[in-house]
Amino acid sequence: MNDTGSYTARKNAKRAAEKMIADGKAPAVDYGITPREDGRFVIKWKVNGAPTTEQVEAELTAATEAVTSGSAPETGAEPAVTSDSELAAADTTRTEPESAEAEDPFPAGTWVKVRKGKRKAIVGQVTQRIGSNTWRVHEFGKPESWTQLATAAQLSCAEEPAPEAPKPARRSRRSTTITPVKLSRSQYAINADMIAAGKVPEKPPVVTSKANPHYQKRFDTLHGYAAAGDWDAVRDYKVTGSNSYSKMVARYRQDLLALHAASEATQ
């Protein structure tokens, strides 16, 4: 007996063969499972010659004891699948890594650090998981729409950053008003303490402007009159023009006259 029917799956054919061996109905204890062209499977019993009745009975007895004790036959046949409960346990074992893999190491709301290069990284908050190895992260301090994708290799958990202080509003360059720098007049005026003491300065003011060197002569002339005591010449000195340096020359003349008045008041 070499043909015992066909089966839809290899494991079904294997179970049938093991059951026949256990029941003592198998033509031999050694067999193989062979697929057919139509996709079904058949049992091929490996019968070597015409064994005697004693040999068959001895082989069947040994096979039955091996199946009953749960050990595989010494002939090299594959062990039988015992029960549906063991298959269910095997299926549960296979699903355990899958469920562990499905756990999200960076659930939504987690603060993370995203490495964007060897020395550059940003801090953000996970908004959602895109795939098994990809997450969408909102960068801290940016608008809500400012998000980016990151992989597990780029991510690491981080602490929630402190809120940023509000930045001052930037002024538009077009609206910036350029304030002209006012020329200090203190360097061309006489110190108030010196005026009160009625003492003429040792030197006249020095004009530092390269564009107005001719005003130095006017300061020198007024200082020369005051040093010589010719106060009428100081008083009658005419100052023309309305620019800044003309006004400073007039200021210097007034300071000299005020100095002279203070000097006379102390006499």
Members of segment 112-159 that are touching a Phe, Trp or Tyr at 6+ places or on another chain (Cβ under 6 Å) and of a type in the set (S, T, N, Q): GLN125
Residues within segment 204-239 that are open to solvent by 40 Å² or more (accessible area, probe 1.4 Å) and part of a loop (DSSP other than H, G, I, E, B), tallied: 11
Complete set of residues in segment 18-38 that are surrounded by fewer than 16 Cβ atoms within 10 Å (Cβ to Cβ) and touching a Lys or Arg at 6+ places or on another chain (Cβ under 7 Å): GLY32, THR34
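Condition first: among the aliphatic types (A, V, I, L, M) and in contact (Cβ under 8 Å) with a residue 40 or more places away in the chain. Now tell me which residues in segment 134-154 satisfy that. Talk me through it step by step, then tell me what you get.
Quick first cut of segment 134-154, residues among the aliphatic types (A, V, I, L, M) only: 137, 149-150, 152-153.
Once the filter is applied, which keeps residues that are among the aliphatic types (A, V, I, L, M) and in contact (Cβ under 8 Å) with a residue 40 or more places away in the chain, segment 134-154 yields only ALA152.
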Considering residues of segment 39-56 that are of a type in the set (D, E, K, R) and at pLDDT 65 or above only, the residue most open to solvent (accessible area, probe 1.4 Å): LYS46
Any hit, segment 158-166, residues being outside any strand (DSSP E or B), out of contact with any helix residue (DSSP H, G or I) (no Cβ under 8 Å at 6 or more places or on another chain), open to solvent by 60 Å² or more (accessible area, probe 1.4 Å) and closer than 23 Å to ASP104 by Cα: yes
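The values are calculated or read from the model by the stated rules, or taken from the named source; none is laboratory data. From a predicted model like this one, the values you see are computed outputs, not experimental measurements. For neighbour counting, all protein chains shown are included, and Cβ atoms are generated from backbone atoms with ideal geometry for every residue, glycine included. These area figures cover heavy atoms from the full protein model, side chains too; ligands, DNA and RNA do not enter into them. Shrake-Rupley method; radii C 1.70, N 1.55, O 1.52, S 1.80 Å.
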